[in-house]
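What follows is a short report on a single structure.
The values are calculated or read from the model by the stated rules, or taken from the named source; none is laboratory data. Model, not experiment: these values are computed from the prediction. Because the Cβ atoms are built from the backbone with ideal geometry, glycine has one as well, and the counts that use them run over all protein chains shown. These area figures cover heavy atoms from the full protein model, side chains too; ligands, DNA and RNA do not enter into them. Shrake-Rupley method; radii C 1.70, N 1.55, O 1.52, S 1.80 Å.
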There are 2 protein chains.
Amino acid sequence: MVTTRLDLARIRAARRDIDPVFLDTPLYRCDALGRELGCTVSIKLETANPVRSFKARGTELVAGLLTGQGRTAAVCASAGNLGLALAWSGRRRGLDVTVVASRRAPAAKLDRIRALGAELELVDGDFEMARERAVSIAQQRGVRLVEDSLDIETCEGAATIGLELADGASSFDAVLIALGGGAMATGVGHVLKTLSPDVEVICVQPLGAPAMTRSWQQRRVVSTDSTDTIADGVAGRYPIPAVLDDLLTVADDAVLVREASIVTGMRMLLERAGLVVEPSAALGVAAVLEDRDRFAGRHVATVVCGSNVDVDAYRRWVRM
Amino acid sequence: MVTTRLDLARIRAARRDIDPVFLDTPLYRCDALGRELGCTVSIKLETANPVRSFKARGTELVAGLLTGQGRTAAVCASAGNLGLALAWSGRRRGLDVTVVASRRAPAAKLDRIRALGAELELVDGDFEMARERAVSIAQQRGVRLVEDSLDIETCEGAATIGLELADGASSFDAVLIALGGGAMATGVGHVLKTLSPDVEVICVQPLGAPAMTRSWQQRRVVSTDSTDTIADGVAGRYPIPAVLDDLLTVADDAVLVREASIVTGMRMLLERAGLVVEPSAALGVAAVLEDRDRFAGRHVATVVCGSNVDVDAYRRWVRM
């Protein structure tokens, strides 16, 4: 019995409240990438949808819940993808959405949030500064604050990826999951550890933003003073205690990867799989690159979790 | 009643014989691309699977049929994607596959065919030369020749895309389909004209390889002496009469687009949708670019049918 804040029956029920455009995403073997990495690689592709990341699985639940409660507005802090997804889910339901983000977030993410009609407030600082500002907006306006990874719906939405992986999981040896706040890792991890306990759940974070991984390793919340990574989607500094508790229950390992490996991973995903991905989505490939022996001959699945990149930065990274 | 060589009940039944990894592919609105094109654009994405094109929908049926008949080998001519798909479907079923292709076909396609264990024979010449050579191999060896667009299974496989489009078709005004041999256009067209007759079925071919479009326009087979296009996947010269008959029944229009529009389409799909595509998969966007007034404010779906490109060529194209 896997005991976390999540519940398998609720996760299964959640599928009904998520727009089908975000569900049952492609899951397929990519032989060209596998040959390059020396293992069998399956890709779970979360980018072929209107918001180009997995985050709408969670915001569909959050937005549905809020409108069901008669609420008309919500605010969230976001590195970009959560805000984009909440803007999409909110627009569909007539919910006024305010997103607080760092001025340094990718312009592609910020532009798409604006295009969906959400109010966008930018802060000079990182994601944690945006989080503080979102808290005070919620208090001032009396609107609901949506907190990624803490709000259980964000984890349950991500957990539906786990259901889809578990359907085919008999053949996987390991699943590689980008680790930021922990919604995806705890959600997917809970489902896999419940339904396919032999599948290794491995979380991957950049060395330049290691707070949650350090916390998992030391079994207590470890925060950092700053982050330094191109993987903007996972660059938090203050792990949430309740999420760490869940992560300690479901993750078999948490590893840190170098920036150079993330860039090589992005380039490989382009050249071998024909996929444009944002840095966070290349963390799984980066983890294999840094420890080829560990994965040699095994079958790994990696969740390609987002593709919202600034084209110029992307071209620089992959030298296109 | 739409009367072609295809039959809706057979197409529906065909879904059972196709590996699910090729079915129920993403279909979603891409607002960023739509804003750029001045219309609502939905993408039907056929690249997130082990062969990176829609062709395996058909080869799954062909290979299943052949092994059901006790056959152990098959040969096909291919611009690349059919051979790659037949190699995949054949390997799974213990069928020896020989692919004949042009030496000028993209190396990415040829390499992936070889990697799947198929025998690859290259000819000095274009796809039509490969077709001749495949015919003689089939005769010499007494093995079954698989002919794209002529073999009804190749059309029925492609037609399953039509079923998935028709599920959501109430909102489409037009569907844009790359036109080569005609399997996809007649297959998807048959389903749409049967289930959603108000949806405009528009076929798109390069000006540099216009044989089937000219044939459709003149209502008789028109062949050409040569082709000159980067869209290698649709560059045939000799339309098949039976396929043309079906196309005349189901296509509302067939248009030709310039190479520059194909390249711009590829670049837009990269920059606005985050999708790497081969030239044939950008034909739909190219058609909108060349006739913006026709599509202004309407909702078009475009089938992104393949992503097997040589990376170097792709980099050259999208940088322009």
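Please list, short to long, the whole-number percent of alpha-carbon pairs of the protein assembly as shown in consecutive 10 angstrom bins beginning at zero.
3, 17, 27, 25, 17, 8, 2, 0, 0
With the solvent-accessible surface defined on protein heavy atoms using a 1.4 Å probe, which residues belonging to segment B:256-302 display a reduction of at least 40 Å² in accessible area in the multichain context relative to the isolated chain?
B:L270, B:E271, B:G274, B:V276
Roughly how many whole Å is it from the C-alpha centroid of segment A:19-77 to that of segment B:35-72?
23
So the label point goes 7 Å from the Cα of B:D124 along Cα→C-beta, right? Which residues of segment B:94-111 then have their backbone N under 16 Å from it?
Output list for this probe position: B:101-105.
Only helical DSSP H runs with n ≥ 4 go in: add -39500 (n - 2.57) per run for chain A, normalise by residue count and round the 222 nm mean residue ellipticity to 500 deg cm²/dmol.
Computed mean residue ellipticity for chain A: -13500 deg cm²/dmol.
Taking the alpha-carbon distance from B:K193 and a cut-off under 30 Å, which lysines remain once sequence neighbours fewer than 8 residues away in the same chain are dropped?
Counting by Cα, and skipping residues close in sequence, B:K193 has these lysines nearby: B:K44, B:K55.
Quick one: go through segment A:235-264 and flag any residue whose amide nitrogen is under 16 Å from the point 7 Å out along the Cα-to-Cβ line of A:E132.
Inside the label zone: A:236-239.
Based on the alpha carbon coordinates of segment A:1-141, what radius of gyration and maximum Cα-Cα distance (Dmax) apply, in Å?
Cα radius of gyration and Dmax of segment A:1-141 are 17.3, 55 Å respectively.
Quick one: label points 7 angstrom along Cα→Cβ at A:D245, distances to the other copies in nm, smallest first?
7.2
Using protein heavy atoms only (no ligands, DNA or RNA), what is the total accessible area buried between B and A, 1.4 Å probe, nearest 100 Å²?
Accessible area lost upon association: around 2200 Å².
Ignoring ligands, DNA and RNA, please state the percent of accessible area on segment B:56-146 from carbon and sulfur, probe 1.4 Å.
Summing carbon and sulfur atoms, their accessible area is 46 percent of the total for segment B:56-146.
Tally Lys and Arg at +1 and Asp and Glu at -1 over the other residues with C-beta under 11 Å from the C-beta of B:E156: what net charge comes out?
Charge balance in the 11 Å sphere: 0.
For chain A, what is Rg from Cα atoms divided by 2.2 N^0.38 Å, rounded to two decimals?
0.91
How big is the Kirkwood radius of segment B:62-192, worked out from every pair of different alpha carbons and given in Å to one decimal?
Radius from the Kirkwood sum: 15.4 Å.
Using 5 Å bins from zero, what percent of all Cα-Cα pairs in segment B:206-320 falls into each bin?
Reading the bins upward from 0: 2, 12, 20, 22, 19, 14, 8, 3, 0.
Enter the accessible area per residue of segment A:56-146 (Å², integer; probe 1.4 Å; all protein chains in place).
Accessible surface, normalised per residue, equals 38 Å².
First check a/c for segment B:39-92, with a ≥ b ≥ c the square roots of the eigenvalues of its C-alpha gyration tensor; if it is under 1.5, answer rounded, and if not, answer prolate when a/b is larger than b/c or oblate otherwise.
Prolate shape, in that a/c is at least 1.5 and a/b is the bigger ratio.
Could you sort the residues of segment B:37-62 by number and keep only those whose accessible area is reduced by 20 Å² or more in the all-protein-chain setting relative to the chain alone, 1.4 Å probe?
B:A48, B:P50, B:R52
Sticking with the crude label model, points 7 Å out along Cα→Cβ, report the distance from B:A9 to A:D24 in nm, one decimal please.
Between B:A9 and A:D24, the label points sit 2.5 nm apart.
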